[in-house]
Amino acid sequence: DRRSVTDALRKAMRDGGDMQVDFRICRPDRSTRYIYGAVTAIPAADDGPDQLIGVNWDITQRKAAEEQFRKVLNALPVAVVISDADGKILLANPQAQKEIGGDTPVAGNHTDVFYAKEKQREEILAILQRQGKVVMHEVPYRSSRGEIIEGILSALPITYNDEPAVLGVVVNITERRNMERELARAKEQAEEASRFKGQFLANMSHEIRTPMNAIVGLGHLLSRTSLTPRQQDYLGKIQISAHSLLTIIDDILDFSKIEAGQLRIEQIDFDIDEVLDNITTLAGTRLAEKPVEFIYDIDPDVPSRLHGDPHRLTQILTNLVGNATKFTSEGGIIVGIRK
C-alpha cells in the first residue's frame, strides 16, 4: 500500500490535478484501518515548491460492509447484476457469470447484449420510472452461448460507488417452464388417449351389443316355443348370461363417459313400476334356482310417477340386486323405497 500511495503522490506532483487512492494503515494497537485519500496538487507561486493538499477518510466500516455484501452476493443461487445508468454492467455475481456469461465476462458488457427481446431494457426502465421498482417481471435472456434463458427479474434503483445504478436479480425458471410444457404435453396426450379409449369402448360396446341384442331377442322368441325342461334351463342360463354381459357393457361405457366428463343424466317423468318390473324380471331369472324370496317394500306415500333418469336408476338397482343375489343363498332380498 505504501508504494501505491507514493505513486499517487508523485503522479499528482507530476501531472497536477486530483488523485484518489485507497490504502491501509497499521495502528499502534496492531489493528488495520482502511483509508480513502484524496490529494490535490497546488502549483508553486514565485518559484516556490509545489504543494499537496490531502484529506483522508476512514472507510473501514464501509470496506467491511462491502466484504459482507460480496460474500452474500457470491453465495446467492440466483443471478445478480449491477448496471450503471447507461446499461453497462458494473458487477455480476458468480451465478450470473455461470448462467449468462459462461466463458465471456458479464461485467463490462452492456445489458442489451444479454436481453433476448429488442427494447427490453427500455421496457424495464419504463417500469422503474413508473413504479420505482420491478417485481417478478418475466424476461427472456440470451446467454453468451446463444441459449435462451427464461427468467423472472426484480430490479431496484440503487447508488453504487456514489453513482446511480440499477440492481437486478434474475431467477432462472427455464427448467420450471420446460417442466410445465412437458406436463401440458403429457396432459394433452393423456386426454387424447382417453378420447381414443372412449371411442374404442363405444365402438366395441356397439359391436358387441348388436349380436347380444339378437341373442336376447331370439331367446325371448325361443322361450315362447315348446321346450323340454332341460332346454328351458339352458335357455334361462343363456338369457341370464346375455343380460349380465349387456349390463357389463353398459357399465364399461358409463365409466368411459365419466372419465371423459360426458355422462349425461336425464331428467324426465317415468313410471317407477316399469323400472321395478324390469328388475323383477332380471332378479327372478337369477333367483329361480335359489330358495330366496324377492320382496319390494314400497312406502304408500311414494308416487307412481317420478322425475329423473329411469335408465340410471334401473342400472343402479340392478347392480345392487345382482350383488345381493350373488351373495344370498337363502332367505330374502328386500328392496325398500321411501319418500
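The values are calculated or read from the model by the stated rules, or taken from the named source; none is laboratory data. In this text the structure is predicted, and so the values were computed from the model without any measurement. Note that each Cβ is placed from the backbone with ideal geometry, even for glycine, and that neighbours are counted across all protein chains shown.
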Quick count over the stretch 101-154, residues being over 29 Å from the mean Cα position of the chain (by Cα), among the acidic types (D, E) and under 21 Å from L167 (Cβ atoms), is 2
Single match in I279, I238, I258 (criterion: touching a helix residue (DSSP H, G or I) at 6+ places or on another chain (Cβ under 6 Å), more than 22 Å from R338 (Cα to Cα) and of a type in the set (A, V, I, L, M)): I238
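Is it true that some residue in the stretch 164-181 is in contact (Cβ under 8 Å) with a residue 40 or more places away in the chain, in a loop (DSSP other than H, G, I, E, B) and loosely packed, with under 12 Cβ neighbours inside 10 Å?
Residues of the stretch 164-181 that are in contact (Cβ under 8 Å) with a residue 40 or more places away in the chain, as a first pass: 164-172.
Checking which are in a loop (DSSP other than H, G, I, E, B) leaves us with none.
Within the stretch 164-181, not a single residue is in contact (Cβ under 8 Å) with a residue 40 or more places away in the chain, in a loop (DSSP other than H, G, I, E, B) and loosely packed, with under 12 Cβ neighbours inside 10 Å.
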For the stretch 254-290, give me each residue that is farther than 30 Å from E191 by Cβ and modelled with pLDDT of 85 or more. I268, D269, F270, D271, I272, D273, E274, V275, L276
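Just for the stretch 126-163: of the residues that are part of a loop (DSSP other than H, G, I, E, B) and touching a residue at least 24 places away in the same chain (Cβ under 8 Å), which one is farthest from G101 (Cα to Cα)? If you could, list the steps in order and put the result at the bottom.
Start the filter on the stretch 126-163 by keeping residues that are part of a loop (DSSP other than H, G, I, E, B), which leaves 132-133, 143-147, 161-162.
Imposing the further condition that a residue be touching a residue at least 24 places away in the same chain (Cβ under 8 Å) reduces the set to 132-133, 143-145, 161.
Values: G132: 28, K133: 25, S143: 6, S144: 5, R145: 8, N161: 23 Å.
It comes out as G132.
Out of F294, F270, which single residue is of a type outside the set (K, R), touching a Pro at 6+ places or on another chain (Cβ under 8 Å), surrounded by 15 or more Cβ atoms within 10 Å (Cβ to Cβ) and not in a loop (DSSP other than H, G, I, E, B)? I'd like the intermediate steps shown before the answer.
Values: F294 fails: touching a Pro at 6+ places or on another chain (Cβ under 8 Å).
Residue meeting the stated conditions: F270.
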Just one of the numbered conditions (1) farther than 14 Å from V170 by Cβ; (2) touching a residue at least 12 places away in the same chain (Cβ under 8 Å); (3) surrounded by fewer than 16 Cβ atoms within 10 Å (Cβ to Cβ) is not true of A41; which one? (3)
Can you pull out every residue in the stretch 81-118 that is assigned to a helix (DSSP H, G or I), crowded, with 18+ Cβ neighbours inside 10 Å and not hydroxyl-bearing (S, T, Y)? Q95, A96, Q97, E99, I100, G101
